[in-house]
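K.L.:
The structure follows.
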Amino acid sequence: MRLRHKPWANDFITEHSQYAISNPEQYKGRWHEVFGNHNPIHIEVGTGKGQFLAGMSQQHPDINYIGIELFDSIIVAAIQKAVDLQLSNLKLLNVNAKDLTDYFDQNEVQRVYLNFSDPWPKARHTKRRLTYKEFLSLYEKILIKGGEIHFKTDNQGLFEYSLISFSEYGLRLKFICLDLHQSDFEGNIMTEYEEKFSGKGQRIYRVEAKYMNEDR
Ligand SMILES: C[S@@+](CC[C@H](N)C(=O)[O-])C[C@H]1O[C@@H](n2cnc3c(N)ncnc32)[C@H](O)[C@@H]1O
């Protein structure tokens, strides 16, 4: 994602507190109060400009969505979509995913989406990949038992790495798809990156990974 400094981004975030939640620590364990219902909560980590969550929020009004994005200059586009479409089941957090447990309690999240996460191809940057074992441990701490990660990417190297990382962590892999757009998967909402890369003819990989920590 190309980063352009937007000096007005911080003010924009503050002005749209209905969608962009500042001080999200105060809602840890209480997100149902923010949404005003007890619907399941799905989060997208690295939400970018928000096209995926804007589409999902419209397609699934009974799910509450929260987008996590590191950069204020990027998340403003996601906030603008929520404002324009008046999406009451979408909130956005301008925070780093490494601090997820500061914002969410155990069992508070039903699903994690990772879409076109930065590949960090150099071996010395492995720990930054959002499918690295330390991130898988963070997701496990906030997800319900048997919670799932739904992951898609155009990057074959990151996909292969992630399948191994999920598997070594003990997650069960479901619906591994090596060409999403040629598959019979229904209800796919394209992300900004997905549109860009599939438009160039690149295939899209997808997998669902389930934590095997349910009581037997
Ligand atoms: C390649 S972009 C993909 C954006 C979007 N998901 C899509 O598919 O169009 C990855 C995004 O993840 C964000 N990101 C990367 N690491 C993050 C982290 N630790 N916490 C929050 N956001 C992160 C980046 O800032 C960037 O906007």
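Bear in mind that the values in this text are calculations on the coordinates, not laboratory data. Note that the structure is predicted; figures quoted are calculated from it, not measured. Note that each Cβ is placed from the backbone with ideal geometry, even for glycine, and that neighbours are counted across all protein chains shown.
K.L.:
Taking the Cα of Gln86, stepping 7 Å toward and past its beta carbon, and measuring to each backbone N in segment 18-46: which are under 19 Å?
P.N.:
18-20, 35-37
K.L.:
Just to be sure I understand the model, the point goes 7 Å from the Cα along the line to the Cβ. What's the resulting Gln26 to Lys210 distance in nm?
P.N.:
3.9 nm
K.L.:
In terms of the Cα gyration tensor, with a ≥ b ≥ c the square roots of its eigenvalues, is segment 1-72 rounded because a/c is under 1.5, prolate because a/b exceeds b/c, or oblate?
P.N.:
Oblate shape, in that a/c is at least 1.5 and b/c is the bigger or equal ratio.
K.L.:
Now a separate question. I want to check the label-to-label distance for Gln106 and His38. Put each point 7 Å from Cα in the C-beta direction and report it in nm to one decimal.
P.N.:
So the label points at Gln106 and His38 sit 2.0 nm apart.
K.L.:
Taking 0.36 nm per residue of separation and subtracting the Cα-Cα distance, what length does fully extending Arg172 through Lys133 add?
P.N.:
Going from the current span to full extension adds 12.6 nm.
K.L.:
Would you mind computing, in nm to one decimal, how far apart the modelled labels at Thr126 and Ser183 are, each placed 7 Å from Cα along Cα→Cβ?
P.N.:
2.6 nm
K.L.:
Let me ask something else about it. Rounded, prolate or oblate for the chain? Axes are the square roots of the Cα gyration tensor eigenvalues, ordered a ≥ b ≥ c, and the cut-off for rounded is a/c under 1.5.
P.N.:
Here the chain falls in the rounded category.
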